[in-house]
Structure formats: structure tokens, C-alpha cells
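The numbers here are math on the coordinates, done by the rules we state, and not lab data. Because the structure is predicted, anything quoted here is derived from the model rather than measured. Ideal geometry is used to build each Cβ from the backbone, glycine not excepted, and the neighbour counts take in all protein chains shown.
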Amino acid sequence: MTRPPQPCYAGFMKKISLTGIKPTGLLHIGNYFGAIKPALELAKEYDARYFIADYHALNLIKDPKTLARYTREVAAGWLAAGLNPDELVFYRQSSVPETFELTTMLMAFTSKGLMNRAHAYKAAVQANLEKGEDPDAGINMGLYTYPVLMAADILLFDPDVVPVGRDQVQHVEMAQDIAQVINFNYKQDCLKVPQAVVQESVAVVPGLDGRKMSKSYGNAIPLFAPEQDLHKLIKRIVTNSQALEEPKDPDSSQIFQLYKLFASEEELLALAARFRNGGMGWGEAKEELFRVMNRELTPLRERFNAFIADPVRLDAILAQGAEKARLIARKTIARLRKATGIDR
Ligand code: ADP
Ligand code: TRP
């Protein structure tokens, strides 16, 4: 009896989850509810590999102090949110040089046409055309080849699932394509083909102006804003001109949408009733939102500040994670060097 060919990657008992966050700005409430919290939830069931995608950020952030600061803040942010570095592999992308060796290998199997179809690149070209500029103005090769680096981040660690926001699904599909081309070429499962998971239950968190909260729209509430700043930002939430006594629709108010993320069931019902009954002005609703937000964010902010104040501890955690990550990464590279014929 012939046995089916075994994949080259090891079979792990637990399934593996991997994701990364780019340190391109301050973490905001949308990142917390849309990415960090669901990923930490998954880590209870999966072997998790979570990292800070600092080389991805370099495409955008050219000031060294800013890049270093954002990187530390994203690391401290994950830890403050409850990531336990003893239970999962937590590292900086730049600490795993095998990523860049794999990127070179993947380049040889990635068609230029695939990169031409990437949303982020297409959006940048479109923006240039609309401004009447050269289509490639300001576009660096890092942005153009971004999906290959991201595929290397993923394929290096054999994940089964990659939790991401909807905008990143195309990138994960590109990683699948590239892995399949390689497996087909070498007639063996050299690389595990991962699945993107989008947490459908996680609603898009609205920003101050009601659009999706995003650092690029200037409408974000930073996750670790000091209490006074948080209060000021909440007061800036855009509302309509309904008078105090008028009944208000909770579902169309971003105050209420944000409240949902922080309030208990009881508090939620109570505020919805007060909205519908009329008699509560927007100012008061904002104060109530501030109260529940600050209640949940205060312990997070304190843990965050403690990590930021202790860079030696933060670096030690990341160094320990890098060691663990490299052990895994070296194995993937060894099997690919063999499969490709680079190593005999
Ligand atoms: P930004 O839009 O601020 O640049 P990123 O694109 O860096 O945010 O997002 C990092 C992660 O946070 C992604 O997984 C993304 O889906 C998630 N995320 C960002 N903004 C929101 C939001 N408003 N609601 C839900 N998830 C979000
Ligand atoms: N591109 C992702 C983003 O912008 C970040 C990222 C980089 C990532 N490498 C990854 C996400 C690998 C998941 C897996 O949000």
C-alpha cells in the first residue's frame, strides 16, 4: 500500500494562528477591537505567532525616531492588551532575518502581474493619476512588492489561519497563490497554504466623524490616550443638530456604537432607552461614553505606560520571542533550501 506523500512541514497538535501589525501610528480603538482583541481570543485555542511588522512600516515611516517609537508602542500595546509572551511567539519581523531569505525565494515564483493587481499599489497609482502625476510617483519597490514580504511573514511560520481585516484578505490570497506555485513546482507540500479569517462579528469601529476609524482619516481615538485627552476627543465626536428633548436613534449614532464596545448589557439597554425617550442631550451622552471607556481603558493605559517606562523589559520580551521565532523560521528555510536545490 502506498502512503500519500507527507507534507514537509511538521504536523503540530494545535493549529497555528499568525498575524502582524504595522507600526505606522498610534494604536487606536479600531485596531484594538478589530485586530488585537480577536487575535488574543484566537490565541486561547491556537498556537499563536504574533509580530510587529516593522519592515513593512519602513515603506512609509522614514524618520528613525518615529519608527522606533511606533514599534515600541505597538509591542507595549499588545502586551498591555493581555498578550502573554510565555504562551505564544511574539517578535519583531526585523529580528527574523529568515523572512528576507524567504522573500527572495518567493520573488522567483511571483509574477509581476500578480503585484500589479494588489489593491494598495493600485490605489496609489489611481491617486497619482487623479492628481495628474506620473502613475508611479512616490511609489517605492517596498510598496510594490509588499505582498511578497507579507507572504514570507506568513509562509515562514506554517499558520493554518491568518486573522486580518477585510482589506488584507487579498494579501493572504496572494500568499496562498505563491505557496501553491512553489508546491506545484517541487511536487511536494513545501509550504502550508493558510486561510485568512475575517472576524465577521467584529463591526467596523466608527471614528469621531462617523467614518471607519483610521489613522489616515484623522478621526481616531488612540487606545492609550491620557484621560484628559480621551475626554477632549470624545467631546469632539460629531453629532447632528437634534435638540436635547428630541428622541434620538441609538443605531445611527457613533456615540452609541462606541458605547456598545465598552458598556455592560444593562448599561446598553438603559442608554438606548434614554436615547429613544428624548430628554438627553449629546453632551450628556458623551459624558456617559467617556465614563465607560475610561473605566475599561484605564488599566490598559497603566500597563502600557509601565511597559513604555521599562524598555529593558520590553526588549527582553521581544528578544525571547525572536529566539523562539527563529527556531521555527530556520526549519522552514532549511527545507526550502533543500527543495530548491540551493542546498544539496
Ligand atoms: P488604520 O486604518 O488606522 O491605518 P490599519 O490598517 O493599520 O489601521 O489596521 C490594523 C488592524 O486593525 C487591521 O487588522 C484592521 O482591520 C484593524 N482595524 C483598523 N481600523 C479598524 C476599525 N475602524 N474597525 C475595526 N478594525 C479596524
Ligand atoms: N499588511 C498587514 C496590515 O497592513 C500587516 C501585516 C504584515 C500582516 N505582515 C502580515 C498581517 C502577515 C497578517 C500576516 O494590516
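Points worth noting:
- Considering only the chain, percent of DSSP beta bridges that pair antiparallel, nearest 5: 10
- Counting beta carbons within 10 Å around each of Trp282, Trp78 and listing the fewest first gives the order Trp282, Trp78.
- Applying both filters, DSSP loop and at most 10 other Cβ atoms within 10 Å, to the GluC sites (Glu not before Pro) of the range 244-344 gives Glu245.
- Solvent-free Debye scattering, log10 I(q)/I(0), computed from the Cα coordinates of the range 111-254 at q = 0.16, 0.17, 0.22 Å⁻¹: -1.02, -1.07, -1.28
- Space enclosed by the convex hull of the alpha-carbon atoms of the range 217-259, per residue, Å³: 101
- Distance between the 7 Å Cα→Cβ label points at Leu129 and Asp189: 4.1 nm.
- Loop GluC sites (Glu not before Pro), the range 39-86, which have at most 13 other Cβ atoms in a 10 Å radius of their Cβ (DSSP): Glu45
- Charged side chains reduced to their Cβ positions (Lys and Arg at +1, Asp and Glu at -1) give the chain a dipole of some 960 debye around its Cα centre.
- When you restrict to C-alpha pairs under 8 Å that are six or more residues apart and normalise by the size of the range 88-178, the relative contact order lands at 35 percent.
- Convex hull per residue volume in Å³, alpha carbons only, for the range 105-145: 62
- Computed over the chain, the per-residue total of -39500 (n - 2.57) for DSSP H runs of n ≥ 4 gives a 222 nm mean residue ellipticity of -16000 deg cm²/dmol, rounded to 500.
- Ordered by the number of other Cβ atoms lying within 10 Å of each residue's own Cβ, fewest first, Arg236, Arg337 fall into the sequence Arg236, Arg337.
- Isotropic mean projected area of the C-alpha convex hull, the range 253-317 (nm²): 5.5
- Other residues within the sphere of radius under 15 Å centred on the Cβ of Asp343, judged by their own Cβ, net out at +4 (K and R +1, D and E -1).
- Selected from Asp160, Asp54, Asp63 as most flexible by GNM, with the chain as the system and alpha-carbon contacts under 10 Å: Asp63
- Taking 0.36 nm per residue of separation and subtracting the Cα-Cα distance, full extension of the segment from Arg313 to Phe100 would add 74.0 nm.
- Shown here: the range 16-79, whose C-alpha atoms stretch 38, 22, 16 Å along the first, second and third principal axes, sorted largest to smallest.
- Charge dipole of the chain about the Cα centre (unit charges at C-beta), most positive-ward option of Gly218, Trp78, Leu60: Leu60
- The calculated FRET efficiency for Lys15 paired with Asn294, based on their beta-carbon distance and R0 = 45 Å, is about 0.75.
- Applying 1/(1 + (r/R0)^6) with R0 = 22 Å to the Cβ-Cβ distance of Leu268 and Asp86 gives a FRET efficiency near 0.05.
- Unit charges at the beta carbon, dipole of the range 77-162: most positive-side option, Ser111, Ala137, Met150: Ala137
- Rough spin-label spacing in nm, given labels placed 7 Å along Cα→Cβ, for Leu327 and Glu302: 3.4
- Fully extended contour minus Cα-Cα distance, from Ala68 to Ala137, at 0.36 nm per residue: 22.2 nm
- Prolate/oblate/rounded call for the chain, Cα gyration tensor, a/c under 1.5 rounded: prolate
- Cα gyration tensor shape for the range 1-120, rounded if a/c is under 1.5, else prolate or oblate: oblate
- Using distinct alpha-carbon pairs, which all enter the 1/r mean, Kirkwood radius of the range 64-137 in Å: 16.1
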